[in-house]
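Reviewing the structure listed below.
The values are calculated or read from the model by the stated rules, or taken from the named source; none is laboratory data. Quick caveat, the model's predicted, so the values are computed rather than measured. Every residue, glycine among them, receives a Cβ derived from its backbone with ideal geometry; neighbour counts consider all protein chains shown. Only protein heavy atoms, including side chains, enter the accessible area calculation; ligands, DNA and RNA are left aside. Shrake-Rupley method; radii C 1.70, N 1.55, O 1.52, S 1.80 Å.
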Amino acid sequence: MAAVATCGSGAGSPGSAVATASKSNVTSFQRRGPRASGTNDSGPRLVSIAGTRPSVRNGQLLVSTGLPALDQLLGGGLAIGTVLLIEEDKYNIYSPLLFKCFLAEGIVNGHTLLVASAKEDPANILQELPAPLLDDNSKKEFDEDVYNHKTPESNIKMKIAWRYQLLPKMEQIGPVSSRFGHYYDASKRIPQELIEASNWHGFFLPEKISSTLKVEPWSLTPGYIKLLQFIQNIIYEEGFDGSNPQKKQRNVLRIGIQNLGSPLWGDDICCAENGSNSHSLTKFLYVLRGLLRTSLSACIITMPTHLIQNKAIIARVTNLSDIVIGLESFIGSERETNPLYKDYHGLIHIRQIPRLNNLICDESDVKDLAFKLKRKLFTIERLHLPPDLSDTVSHSSKQDLAESTKRLGPGCGMMAGGKKHLDF
Amino acid sequence: MFVELNNLLNTTPDRAEQGKLTLLCDAKTDGSFLVHHFLSFYLKANCKVCFVALFQSFSHYNIVGQKLGVNLTVARERGQLVFLEGLKSAVDVFFQTQEEPHPLQFLREANAGNLKPLFEFVREALKPVDGGEARWTYPVLLVDDLSVLLSLGMGAVAVLDFIHYCRATVCWELKGNMVILVHDSGDVEDEENDILLNGVSHQSHLILRAEGLATGFCRDVHGQLRILWRRPSQPTAQRDQSLTYQYKIQDKSVSFFAKGMSPAVL
């Protein structure tokens, strides 16, 4: 966002734009400056980053999460510089799907990816990404783009609108598709060419951590320290924060961290109530957010919060993240056979939405949301009671429904909480 | 600053009381609008402000401040505002070894130390400049928010010590004000946070508590604000005054109304 802001509003060469970016110490939250609408700015071309769009409310740059329904619930998308925390469902079935949709969206838009995991090799994770569902028009352009990487700029002469030939074109950085937000087919794998054409970095913890345990001065788990150094290195080397004079980056870095806080990362908050390193995870999140705020990156983290023994840590982690979404799947619970939920696979709770550069935030009114994974698509819908069509309305069935609706969630997020025992 | 809140608190930037500690507390909702209010209030009152902003970045406060009528960049250049940006400083402390002591040095230490470097920073920022006429009325320390220090590994007692040292310097010695935001964890048993909250509310003169509505989410009423005036130094001969209002946050202001008197309902 910083790069976009300073580039448009002044000197022509991108070098000076980067210089001003690092000098004036902008963060990714800078609002786009007042730009004269094309009349004064005939010099520099408009450089827009593929796959991003400014927010309607405050001009913040947003990226898609990979699920258009989720984008809408979050107020347009995930803001660059923020952290999206997903509280995993109990058996970790649906949260990897959200994680992979986020990464697949990055590949389709041509963003750089950084995948960190302690469980699976990032190369394997990328192999399992879902395939994008492209409609016919964009599918044609996608096929052509993939096989002709080096097509020269098309100089087809315009016959009718020949005046437009002279205007500067919008420079887009190699996207596969120019839409914001795509649908993904969960049953198919992403084409191999797309993965090979993308720029990604993987962090697989067993490879990075050396066997000699050096005593680290900070009270962070060694895995977290290594991950933070890796992320900071990539951000600096590839120029996402504008501080590297050699690299002028106009792309977004998407960071995905899987199962953060699980014992595989060396953290014991899932095993013991008052572990030795109970501040490790919160410190990590704080420094990570500091890194993100000053670079063109967005991060998704999945965390098994249902395993964390100390509930206070969950509250602190929620406070330190920007967007928090909880997934609750029905598998294995008594809700699986409940007629109320027969169409859905689980509930999705949006626990927190940040207020960025603003006093208010775009909170959706709908608090009861459910998701289902059909054969291909993952959809999020508003949960509503099915109509009561039985002829003889028995007392027991009404009781069951009433019980279930009471447990539908207190109907509120972090925005305004209420006491749970109030009943309407 | 929100004019309606000034009326409720019976203050204006010209005649605000000095030597007071104000506690901002939020339970199950976001109380950051109060921080923006006090920041713009004290900048308009021509005070020297030291803002320890641990929660969000500088440009966030700047953009919201511009909506409320203050320009933080200009204030910082003039010397009226000393801004400690927690997120940026944490990254600096973490990745580069610092020679001189940094206010957030405790991030690098394994054991929970104390917040002495942070206190030194605050004292240095707010000490009156000798020589030359006094440009600013009185110093103000603003902290957003204190619960982050607990998440970063400090113990509740260390944070309470820090507040005590700051209060002795800022409120008593320099006759300034302090405004602190602490999250209330509510029914989640966060013992350290409860100790911190109780300790600070015992020392404070004014407590503003933003709570969610008991009935849950509402689009027209965003929450409830409880105002409590206390006199911690004097014996409780007079009863502490308490008022409750409900509020709705808009783009540039917050409107307050009595309970049940929301314009949406009437």
- Message: For chain B, take the longest principal axis of its alpha carbons; what is the angle in degrees between that and the long axis of helix B:32-44, to the nearest 10 within 0 to 90?
- Response: 70 degrees
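Can you pull out the trypsin sites (Lys or Arg not before Pro) in the range B:175-266 whose DSSP state is coil and whose Cβ has at most 15 other Cβ atoms within 10 Å? Don't jump to the answer; show the numbers that get you there.
Numbers: sites: B:Lys175, B:Arg209, B:Arg219, B:Arg226, B:Arg230, B:Arg239, B:Lys248, B:Lys252, B:Lys259; in loops: B:Lys175, B:Arg219, B:Arg230, B:Arg239, B:Lys252, B:Lys259.
Passing both the DSSP loop test and the Cβ count: B:Lys175, B:Arg219, B:Arg239, B:Lys252, B:Lys259.
Just reorder B:Thr137, B:Thr22 by solvent-accessible area, largest first, 1.4 Å probe, all chains present. Please report the intermediate quantities before stating the final value.
Numbers: B:Thr137 85, B:Thr22 10 Å².
Of B:Thr137, B:Thr22, the descending order of accessible area is B:Thr137, B:Thr22.
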- Chains B and A: how much accessible area gets covered up at their contact, both sides added, probe 1.4 Å, in Å² to the nearest hundred? 4400 Å²
- Task: Calculate the spin-label point distance for A:Gln72 paired with B:Lys20, positioning each point 7 Å from the Cα along the beta-carbon direction, and give it in nanometres.
- Result: 4.8 nm
- Query: Taking all pairs of different Cα atoms in chain B, averaging 1/r and flipping that mean, what Kirkwood radius in angstroms comes out?
  - Reply: 19.3 Å
- Query: Taking the Cβ-Cβ separation of A:Lys374 and B:Glu124 as r and a Förster radius of 60 Å, what is the calculated FRET efficiency to the nearest 0.05?
  - Reply: 0.45
- Percent of C-alpha pairs per 10 Å bin, the range A:252-388, short to long: 10, 32, 33, 21, 4, 0
- Task: Just subtract the alpha-carbon distance of A:Thr337 and A:Arg351 from 0.36 nm times their residue separation and send over the number in nm, one decimal.
- Result: 2.5 nm
- Item | Tilt relative to chain B, helix B:191-203 - C-alpha long axis, 0 to 90 degrees, to 10 | 80 degrees
- Query: Tell me, what HN-Hα J-couplings in whole Hz come from the Karplus equation 6.51 cos²θ - 1.76 cosθ + 1.60 at θ = phi - 60° for each residue of the range B:151-164, using x for Gly and Pro?
  - Reply: 5, 8, x, 7, x, 4, 5, 4, 5, 5, 4, 4, 4, 5
- Kindly state, to the nearest 0.05, the FRET efficiency for A:Glu120 paired with B:Gln250, given R0 = 30 Å and r defined as their beta-carbon distance. 0.05
- Put B:Arg167, A:Arg316, A:Arg254 in order of accessible area, largest first, 1.4 Å probe: what do you get? B:Arg167, A:Arg316, A:Arg254
- Query: How many lysine pairs are close in chain B, with Cα atoms under 17 Å apart and the two 8 or more places apart or on different chains?
  - Reply: 12
- Message: Quick one: 3J(HN,Hα) in Hz for the range A:253-259, Karplus 6.51/-1.76/1.60 with θ = phi - 60°, rounded, Gly and Pro as x.
- Response: 9, 9, 9, x, 10, 9, 6
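Work out the length of the dipole vector of chain B about its Cα centre, built from +1 on the beta-carbon of each Lys and Arg and -1 on the beta-carbon of each Asp and Glu, and round it to the nearest 20 debye. Display every interim value, and only then the final one.
Values: 25 positive and 30 negative charges, 213 e Å.
The calculation lands at about 1020 debye.
Ranked highest first by the average count of other Cβ atoms within 10 Å around their residues, in what order do B:70-81, A:69-80 fall?
Details: B:70-81: 16.6, A:69-80: 22.0.
So the order, starting with the most tightly packed, is A:69-80, B:70-81.
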- 10 Å Cβ neighbours from other chains, averaged over peptide A:359-365: 5
- Euclidean distance between Cα centres, the range B:150-177 to the range A:68-136, Å: 42 Å
- Message: Can you give me the solvent accessible area of A:Lys367 with a 1.4 Å probe, rounded to the nearest 10 Å²?
- Response: 50 Å²
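From other protein chains only, count the Cβ atoms within 10 Å of every residue's Cβ in B:49-59, then give the mean. Write down the numbers at each step before the final one.
Values: counts 0, 0, 0, 0, 0, 1, 4, 9, 11, 5, 13.
What the average comes to for B:49-59 is 4.
Could you give me D for the range B:3-118, from Stokes-Einstein at 20 °C and 1.002 mPa s, where the hydrodynamic radius is the Kirkwood radius over C-alpha pairs? Units µm² s⁻¹, please. Before the final figure, lay out each step's value.
On the way: Rh = 16.1 Å.
For these conditions, the coefficient is 133 µm²/s.
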